[in-house]
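See structure below.
The values are calculated or read from the model by the stated rules, or taken from the named source; none is laboratory data. These figures come from a predicted structure and were not determined experimentally. We place every Cβ from the backbone using ideal geometry, glycine too, and count neighbours over all the protein chains shown. Surface areas here come from the heavy atoms of the whole protein model, side chains and all, with no ligands, DNA or RNA. Shrake-Rupley method; radii C 1.70, N 1.55, O 1.52, S 1.80 Å.
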Amino acid sequence: MSNDIKATTSGADYDAIVIGAGFGGLYMTHKLRNELGMKVLSFDRNNDVGGTWFSNRYPGILSDTESFYYCYSFDKELLQEWTWKNRYVNQTEILEYLNHFADRYDLRKSYEFETDVKSAIFNDSTELWDVETNKGNKITAQHLITGLGLLSATNVPNFKGINTFEGQKFHTADWPHGGVDFTGKRVGVIGTGSTGTQFITSTAPLAGHLTVFQRSPQYTVPIGNGPISEEFTQNIKANYDASWKQIKGSMVAFGFVESTVPAAGLPVEETDKVFEKAWQYGGGFRFMFETFSDIAVDPGANEAACVFIRKKIGEIVNDPKTAKMLQPKDIYAKRPLCDSGYYATYNRDNVTLVDVKANPIVEITPKGIRTEDGEHELDILVFATGFEAVDGNYIKMDIRGRNGIEMKDKWAKGPRSFNGMSNAGFPNMHMILGPNGPFTNLPPSIETQVEWISDFIGDMKENKQLTAEATLEAENAWCKTCEDVANMTLFPKADSWIFGANIPGKENTVQFYLAGLGNYTDVIKAEAKGGYQNFNFTYAQ
Ligand code: FAD
Ligand code: NA7
């Protein structure tokens, strides 16, 4: 481990500890160490960089943000040098990109890998963070920056008999690096979210037989993946400045202009024409936000999209009974999905769909899964059951703020924040993609937050401030804003990880700021420009 600067102004071992080596932690390490010249120590429990893209290696894994916008934008040379092959980028390519990024900025030298940060406790007398790892390191730091990932702590439901299964079993986000051989195997998968649909579509042609245990059917549209031409790439690269400006001022930051035309009131022939065009072009967020302005807010407009997708399912799936099981009846208000032939997969002879709402899973047995109507024998069982999204990795750690207040107690009724990055009672703790941050294509939001945090820490250094702590009033007001915005949309009406509804017993609360990245950036810039009025500061003696 080498750090160029030997002493910190606060007297701590390090100016900053960064947790996480995904998009967020890597960029944060670069900003603080290479730009602010701070003494930084970074950790990840994995044995290398990549975060999400290190851990998720299941067949079919693909980002559904278009390649050229699923990256950092701050390094203009890197944008020009790096070339994507397809419209969407797969796990191997993203990992290659993040490895290149780590090499480019020599980031690995600041990291301790295979190290789990177990606790971070704010010390009221020193006003520093006391951090401890599973390897017994005890370190003090002025700032604690958490890039723990919002889709990183896995959710494996506690099925009766789960440990009795004698075959192989995997969670999609904890996938063996050597891959899994499905040839001739009876494979079962629980979960049909973004991950499940990708896994199912890719694994069906490889497996002997695939049984899908579906709790909720999904609205998903084609992704439209394919190679991109040299000319297309050149055009993207020539227009990057304008594109990133548009992305950072937009709602969902996916690189298209969101529609301002409402669907409500339009005749079905007209809405279907627009939906058909989007279906042909591909992209889940495009289908929800580029077609019309009111799919996510107006029940009538939403139903028009639902009817269109249900009709498509009926046309694609040959067996009417299977088609009916695949057709969702509820609203279209989860994270919009897209796929590479998901519904058509059910036309294969080696794929069986089991509706576990109608026919619940009773237990996992040594030989497979027993549903109410009998046992399904399996060689391999895959959990595509998602994540304890947003706060999962936080509440797994022992994080304590001023006066010993525990994060898991503070967040018992749902995670909170001021501006998605700060928490009252937790001085100098800065969260990347913390609760109530923007709901978008994530690299642009990560970049926005990392840059804000880095500027904030830089300003504190300049002003000789030792700690900064968001006020409770500011936090309450921000959470209220997030609730009010969410209630203007249809999203709270669907049960999904966006509100923590996927975890039994978890309080169903607003976990995102749904007013978009552009509005979010205006708010956080105003906070900085106004001299951080919503923070209390202490000063070095
Ligand atoms: P992560 O990449 O999750 O990194 C967090 C890191 O923190 C992990 O490496 C973890 O090991 C480490 N960590 C956590 N706690 C500790 C601890 N206590 N001690 C040590 N280390 C710790 N987003 C999009 O915008 N578009 C997409 O198309 C998209 N596709 C996705 C597909 C999948 C299958 C998944 C799971 C997520 C997808 N996402 C997508 C979301 C994705 O997580 C983000 O885009 C982005 O990669 C998050 O980066 P991050 O650095 O914030 O977190
Ligand atoms: P998701 O979207 O949370 O999907 C998890 C799936 O697992 C979903 O179909 C769930 O059904 C299902 N599930 C969860 N628990 C159970 C139990 N107990 N029984 C049966 N089925 C269950 O996670 P993903 O990994 O697909 O995607 C998360 C995000 O990561 C995604 O948006 C991308 O950004 C990447 P449910 O729908 O809750 O009824």
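Observations
- Gain upon complete extension [ASP124, GLU473; 0.36 nm per residue less C-alpha separation]: 123.5 nm
- Rolling a 1.4 angstrom probe over the protein heavy atoms with all chains in place gives the chain an accessible area of 40 Å² per residue.
- Computed from backbone phi with θ = phi - 60° and the Karplus coefficients 6.51, -1.76 and 1.60, the 3J(HN,Hα) list for segment 181-193 is 8, 9, 3, x, 8, 8, 10, x, 10, 9, x, 9, x Hz; x is used for glycine and proline.
- Cα pair distances in segment 1-70, grouped into 10 Å bins until the bin that holds the longest one, percent each: 19, 39, 25, 13, 4
- For the chain, the Kirkwood hydrodynamic radius from C-alpha pairs, put into Stokes-Einstein at 10 °C and a viscosity of 1.306 mPa s, yields a diffusion coefficient of 65 µm² per second.
- Loop-located GluC sites (Glu not before Pro) in segment 330-428 (DSSP state other than H, G, I, E, B) with a sparse environment of at most 12 neighbouring Cβ atoms within 10 Å: GLU372.
- Segment 294-400: trypsin sites (Lys or Arg not before Pro) in DSSP loop, at most 12 other beta carbons within 10 Å: LYS329, LYS357
- Segment 135-189 and segment 30-83: distance between their alpha carbon centers, rounded to Å: 20
- Applying 1/(1 + (r/R0)^6) with r as the Cβ-Cβ distance of ASP484 and ASP330 and R0 = 30 angstrom yields a FRET efficiency of 0.80.
- Solvent-accessible area of LYS410 with every protein chain in place, 1.4 Å probe, in Å² to the nearest 10: 40
- Each residue of segment 146-163 was assigned a 3J(HN,Hα) from its phi angle through the Karplus curve 6.51 cos²θ - 1.76 cosθ + 1.60 (θ = phi - 60°); the sequence is 9, x, 6, x, 8, 10, 9, 7, 6, 10, 10, x, 7, 5, 4, x, 4, 8 Hz, with glycine and proline shown as x.
- Cross-link table LYS118/LYS408; LYS329/LYS413; LYS413/LYS525; LYS273/LYS312, entries beyond 18 Å C-alpha to C-alpha: LYS329/LYS413; LYS413/LYS525
- Residues whose amide H lies under 5 Å from that of VAL18, counting only those 5 or more places away or on a different chain, are LEU41, SER42, PHE43, ILE145; hydrogens are built 1.01 Å from N in the peptide plane.
- FRET efficiency, 1/(1 + (r/R0)^6) with R0 22 Å, evaluated for ARG402 and LYS464 via beta carbons: 0.60
- All aspartates and glutamates inside 17 Å of LYS76 as judged from Cα atoms, apart from same-chain residues fewer than 8 positions distant: GLU35, ASP103, ASP241, GLU447, GLU451
- Pairwise FRET efficiency - ILE316 versus ASP181, Cβ, R0 = 30 Å, nearest 0.05: 0.55
- Pair ASN536, LYS237: separation of 7 Å Cα→Cβ label points (nm): 5.3
- 3J(HN,Hα) along segment 214-219, derived from phi through the Karplus expression 6.51 cos²θ - 1.76 cosθ + 1.60 where θ = phi - 60°, amounts to 9, 8, 10, x, 10, 7 Hz, with x in place of Gly and Pro.
- Tilt relative to the chain, helix 299-316 - C-alpha long axis, 0 to 90 degrees, to 10: 50
- Volume per residue for segment 62-204 equals 195 cubic angstrom (convex hull of Cα atoms).
- Accessible carbon and sulfur surface of the chain relative to its total accessible area, %, 1.4 Å: 50
- Residues of segment 134-178 with amide N under 19 Å of a point placed 7 Å along Cα→Cβ from ASP495: 155-160
- The chain: angle of helix 517-529 to the longest principal axis, Cα-based, in degrees nearest 10: 10
- Compared with the alpha-carbon gap, the fully stretched path from LYS413 to ASP373 is longer by 10.7 nm at 0.36 nm per residue.
- Here the chain is assigned +1 on the Cβ of each Lys and Arg and -1 on the Cβ of each Asp and Glu. Its dipole about the Cα centre then comes out at about 540 debye.
- Computed over neighbours whose Cβ is under 9 Å from that of PRO227, the net charge equals +2, Lys and Arg +1, Asp and Glu -1.
- Note on ASP495: accessible area is roughly 110 Å² with a 1.4 Å probe, heavy atoms of protein only.
- Mean silhouette area of segment 452-538, derived from the convex hull of its C-alpha atoms and averaged over all directions, reads 7.0 nm².
- Dipole of the chain, positive end: most advanced residue of VAL189, ASN225, PRO205 [Cβ charges, Cα centre]: VAL189
- Extension reserve of the ASP272-LEU36 stretch, reckoned as 0.36 nm per residue once the Cα distance is removed: 79.7 nm
- Close amide-amide hydrogen proximity is noted between THR371 and VAL362, HIS376, each under 5 Å apart and 5 or more residues distant or on a separate chain (H modeled in the peptide plane; Pro and chain starts excluded).
- Other-chain or far-sequence residues with amide H under 5 Å of VAL351's (modelled H): LEU210
- 20 °C / 1.002 mPa s Stokes-Einstein diffusion coefficient of segment 361-453, Kirkwood radius on C-alpha pairs, µm²/s: 132
- Dipole axis of the chain (+1 Lys, Arg; -1 Asp, Glu on Cβ), positive-most option in ILE236, GLY265, MET28: GLY265
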